[in-house]
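Enquirer: Here it is, the structure, as structure tokens.
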Amino acid sequence: MDDPARCQSKEVSLRSLRDVVDGPLVDIAARLSRCLAERWPHLALVIFTRECSGRPRKVAGPAEIVDRIAIAELEALKATLGPGDSRADEAVLAGVRRWVWVVRDRCDTLLVLMPRQREPVPLQQELVAVFGMVATSISQQVAQASPDYLAESRAASAARARAISELTAAHEAVLAGLLVTLRAPGLDDAQARAAATSAASEALIALRSGEATDRALSEEPPAAAFERLHRELEPLLHRRTITAEFEAPPVDGRRLPGEIAHGARAMTQSAVLVFTAQPDLERLRIAWTSDSDRLVVDIRDSAAGQLDTTALTRSLEGRARTLRAELDIEVVPGWGSRVRVRIPLDPPVAAVEQAELNALNRREREVLARVAAGMRNRAIADDLGIAESTAKFHVAGLLKKLAVSSRGEAAVIGIRAGLTATFD
């Protein structure tokens, strides 16, 4: 029989565990860290889940440690455990070999604790059980794709994409300049030049590979996202003996931002549930199409046009608003019903950026479109039929109006505004 003090400790732990799962994903690591602090004293905590496309690392602890922990390090650590496993061991995190307590839940979410002392995991199975509940809660929030989750995830994805773009451009410029210098005929130490050239080339490859890895974590091919939806819907439709037609998007379509893929699946599933509530439903067509600008969800039936439009609107409007999606519901009594959801793939231009774009004149917007397309001053001049000095003047002017210091920063703003599509 447990003593009163231990029972009270369990009660406090369960109460704090409820606080962990009952809150937004953005700060779940901080809440979990507070919950675990008494029984599992630690310096820092990391939750790593590929399900959260916008923010796969959720961290709590000193910024000088947690901000330097790389996704590749967490992937390598996760690969050393099977689902449901846990252990205390050494691992490289933030570039330093450290003693960690690590749990990989059955839903493939990873927990890493950096203990204050080098020791085995205390109450190991209890830690596994507690994290299992937290990991399940994270998985359910992602699967439901609530408006709050989508908004937070989309903001994180946009911020990370911009940071990666700017960092990659800066690193590539530095390394490319290094290569040019090392290949200059004026340098006479051939062996040193060859070694340095090789190192710089490898660094460039690693940098581009890192960007591709991060993109793979935060995006889904449209056909793969739809196939996952198909698997999730099949049992539901099979139980109703409904003939369902699934029309997948092109295999080579633009990759979907993770929050778009999650949101589209959640909205499709919600719509299908309302469609299947019709007693006479026999056939249902579920199709996704996508291009460079948007994903379109199209659901049709061949029932008697008795779709509950109020319930359908209520189930979709929150996510549609968060994703800036256009929602069309058409019901024709005696013929059937159709729902179309058009979801833009690019995040909106920030309000401050939009105000700055409005300050550009027509010629400066034309020049920005070409900067965003990667064109240099000479190419811009040739394309617009102006002198190169005039193109340079316009570039300097738009940099000043956009309050940025480089062409790369201006290009990001132009891309986010969709200006690259305004000329042939």
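Enquirer: Which one is farthest from residue 75 (Cα to Cα), of the residues in the range 93-132 that are of a type in the set (A, V, I, L, M) and loosely packed, with under 15 Cβ neighbours inside 10 Å?
Expert: Only one residue tops the list, namely 123.
Enquirer: Right, next: Which members of the range 243-265 meet the condition of being under 13 Å from residue 341 (Cβ atoms) and touching a helix residue (DSSP H, G or I) at 6+ places or on another chain (Cβ under 6 Å)?
Expert: Hits for the range 243-265 are 263, 265.
Enquirer: So which of 323, 307 is buried (at least 20 other Cβ atoms within 10 Å of the Cβ), modelled with pLDDT under 90 and over 31 Å from the mean Cα position of the chain (by Cα)?
Expert: Unique residue meeting the criteria: 307.
Enquirer: Which of the residues that make up the range 224-259 are more than 23 Å from the chain's Cα centre (by Cα) and in a loop (DSSP other than H, G, I, E, B)?
Expert: 240, 241, 242
Enquirer: Identify all residues within the range 310-320 that are surrounded by 18 or more Cβ atoms within 10 Å (Cβ to Cβ) and free of Cβ contacts under 8 Å to residues at least 24 places away in the same chain; write none if there are none.
Expert: none
Enquirer: Just need a number here: residues in the range 125-144 that are over 12 Å from residue 84 (Cβ atoms) and at pLDDT 90 or above.
Expert: Of the residues in that region, 5 qualify.
Enquirer: So, one more: Hey, could you check the range 220-242 for residues that are open to solvent by less than 50 Å² (accessible area, probe 1.4 Å) and of a type outside the set (A, V, I, L, M) and say which is farthest from residue 259 (Cα to Cα)?
Expert: Only one residue tops the list, namely 230.
Enquirer: Does residue 155 count as open to solvent by 10 Å² or more (accessible area, probe 1.4 Å), within 21 Å of residue 323 (Cβ to Cβ), aliphatic (A, V, I, L, M) and modelled with pLDDT under 80?
Expert: Against the criterion (open to solvent by 10 Å² or more (accessible area, probe 1.4 Å), within 21 Å of residue 323 (Cβ to Cβ), aliphatic (A, V, I, L, M) and modelled with pLDDT under 80), residue 155 qualifies.
Enquirer: Among residues belonging to the range 243-258 that are in contact with a Phe, Trp or Tyr (Cβ under 8 Å, 6 or more places away or on another chain) and not aromatic (Phe, Trp, Tyr), point out the one that is surrounded by the fewest Cβ atoms within 10 Å (Cβ to Cβ).
Expert: My answer is 247.
Enquirer: Go through the range 14-33 and give me each residue that's farther than 10 Å from residue 130 by Cβ, of a type in the set (A, V, I, L, M, F, W, C), open to solvent by 30 Å² or more (accessible area, probe 1.4 Å) and at pLDDT below 80.
Expert: 26
Enquirer: If you check every pair at least six apart or on different chains, which have Cβ atoms under 7 Å apart with a residue in the range 117-131 that is at negative phi first and a residue that is acidic (Asp, Glu) and open to solvent by less than 60 Å² (accessible area, probe 1.4 Å) second?
Expert: Hits for this filter: 131/105.
Enquirer: With a cut-off of at least 1 residues that are under 20 Å from residue 258 (Cα atoms) and of a type in the set (Gly, Ala, Ser), name the helices (runs of 4 or more DSSP H) lying wholly within the range 22-112.
Expert: Correct list: 71-78.
Enquirer: Identify all residues within the range 346-395 that are modelled with pLDDT under 80 and open to solvent by 70 Å² or more (accessible area, probe 1.4 Å); write none if there are none.
Expert: Scanning the range 346-395 gives 351, 352, 354, 358.
Enquirer: Could you run through the range 281-304 and say how many residues are surrounded by fewer than 13 Cβ atoms within 10 Å (Cβ to Cβ) and more than 19 Å from residue 249 (Cα to Cα)?
Expert: Residues in the range 281-304 being surrounded by fewer than 13 Cβ atoms within 10 Å (Cβ to Cβ) and more than 19 Å from residue 249 (Cα to Cα): 1 in total.
Enquirer: May I ask you to say which residue of 36, 45 is modelled with pLDDT of 75 or more, of a type outside the set (Asp, Glu), open to solvent by less than 50 Å² (accessible area, probe 1.4 Å) and within 26 Å of the chain's Cα centre (by Cα)?
Expert: Going through 36, 45 in turn, the sole match is 45.
Enquirer: Would you confirm whether or not the range 78-86 contains a residue that is basic (Lys, Arg), free of Cβ contacts under 8 Å to residues at least 40 places away in the same chain and exposed (fewer than 12 other Cβ atoms within 10 Å of the Cβ)?
Expert: Looking for residues that are basic (Lys, Arg), free of Cβ contacts under 8 Å to residues at least 40 places away in the same chain and exposed (fewer than 12 other Cβ atoms within 10 Å of the Cβ), one finds none in the range 78-86, hence no.
Enquirer: I've got another one for you. Out of curiosity, is residue 340 within 30 Å of residue 264 (Cα to Cα), open to solvent by 20 Å² or more (accessible area, probe 1.4 Å) and in contact with a strand residue (DSSP E or B) (Cβ under 6 Å, 6 or more places away or on another chain)?
Expert: Taking the combined requirement at face value, the residue satisfies it.
The values are calculated or read from the model by the stated rules, or taken from the named source; none is laboratory data. Here the structure is a predicted model, which means the values were calculated and not measured. Note that we place each Cβ from the backbone using ideal geometry, even for glycine, and neighbour counts take in every protein chain shown. SASA here: full protein model, heavy atoms, side chains in, ligands and nucleic acids out. Shrake-Rupley method; radii C 1.70, N 1.55, O 1.52, S 1.80 Å.
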